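Reviewing the structure listed below.
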Amino acid sequence: MRRCCRALPALFLLALLMDFRSACADPGAPPAKALDVAVEDFGYLDTAGEPADQSAIHQTRLSAFMRALKSDVGADRRYRLVAPDEGLASTDRDRSAGADGARIRIVGIIKKTSTLIQWARVAVVDAATKRVLLEKFYTFRGDTDEAWTRAEEFIARDVLATLATAAASPIGLAVFEFELEDTTAAALPAGVDGADAAHLAELTAAVRELLAQSGRYRVIELGGIDADAVKTHTLRDCRGCEAEIARELGADQSLIGVVRRVSRTEYSIGFQVRDARAGAVIARGDSGLRMGADYSWKRGAVRLISDRLLESPSPQ
């Protein structure tokens, strides 16, 4: 294996993603609402096995790459570039990460595998919520200044798109209790039994926690609601009345969800998000038929919300 510039093995990159070091605060700060972003110097590993030692030129190109990436991020006033703090202990890093809002870290590694092929693995991490916002694998051809420049431009575009989502103000979301639509012969004429109610409450709590931790949403408290559709758990049949209820609570959007029981071991889950002011449906998803008893509802709902809402562009 050739010598490398700041060699960073893949396992160490994985450790970086789990470490979540916070960024140092700079007293001469831009606007208070700027998002602190730490762009850590990427590692470089050359395994091409070429005869000539290219460590110096690779270091030069890597340095130029990092300068360009930091410049692209710093050019947007929504972000404040800060330096990663190497001196904090892990417990201090964890406390500091969430103390003043989101702390975003950008980490990566570039590896040359042959004369013409290089790849990069890049991650954008929200250290406050300990969530990986972007993790992507790139390949690019060539080991020239031009090839490195093109790679940086391509990577910067994805990084900036991810940062834009992270910098946006969280959407106030009223997440109503998930409801049960039981089509089996054993369905109760009205309401749900205690076991089903417990599973629905557990499901709703898990979805609220997932949405709150995403950083995209601010989950609104639902206390003091007198609407009949809420009390009787029939929001799914109220023709969008949840949007008005959400608006009265000060939310930007509403979310309702339904578990449709087909049999004791078959079910589907659906959700719907409305704009609280206009009442328009802006997002919806359905799991399709799933196998499992009531204890699996929570897992199915979390998977659906993650795949169909959080992994999609933010509905505005």
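Bear in mind these aren't lab numbers, they're just calculated from the coordinates by the rules spelled out. Source: prediction; values computed, not measured. In this analysis, Cβ positions are derived from the backbone assuming ideal geometry, glycine residues included, and neighbour counts consider all displayed protein chains.
Non-local amide H neighbours of TYR217 (under 5 Å, H modeled in plane, Pro and chain starts lacking H): which ones?
Excluding prolines and chain starts, which carry no amide H, the hits are ILE171.
³J(HN,Hα) across the range 226-231 via Karplus (A = 6.51, B = -1.76, C = 1.60, θ = phi - 60°), whole Hz, x for Gly/Pro?
9, 4, 4, 5, 6, 5
Would you mind checking which residues have amide H under 5 Å from LEU134's amide H? H placed 1.01 Å from N; only 5 or more apart, or other chain.
VAL124
Hey, what do the phi angles of the range 206-217 turn into as Karplus ³J(HN,Hα) couplings, whole Hz, using 6.51/-1.76/1.60 and θ = phi - 60°, x for Gly and Pro?
Each residue of the range 206-217 in turn: 5, 5, 4, 5, 4, 5, 5, 6, 5, x, 7, 10 Hz.
Once the Cβ-Cβ distance between ALA52 and VAL132 is put in as r, and R0 is 35 Å, what FRET efficiency do you end up with, to the nearest 0.05? Display every interim value, and only then the final one.
Details: r = 37 Å, r/R0 = 1.05.
Calculated transfer efficiency: 0.40.
For ILE282, list long-range residues whose amide hydrogen, built 1.01 Å from N in the peptide plane, is under 5 Å from its own amide hydrogen.
VAL273, ARG274, ASP275
May I ask you to evaluate 6.51 cos²θ - 1.76 cosθ + 1.60, the Karplus curve with θ = phi - 60°, for each residue of the range 152-158 and list the ³J(HN,Hα) values in order in whole Hz, giving x for glycine and proline?
Rounded to whole hertz, the list is 5, 4, 5, 5, 4, 4, 5.
Rounded to whole Å and ordered largest first, report the semi-axes of the equivalent ellipsoid of the range 171-310 derived from its Cα gyration tensor (root of 5λ).
Working: eigenvalues 111, 59, 34 Å².
So the three semi-axes of the range 171-310 are 24, 17, 13 Å.
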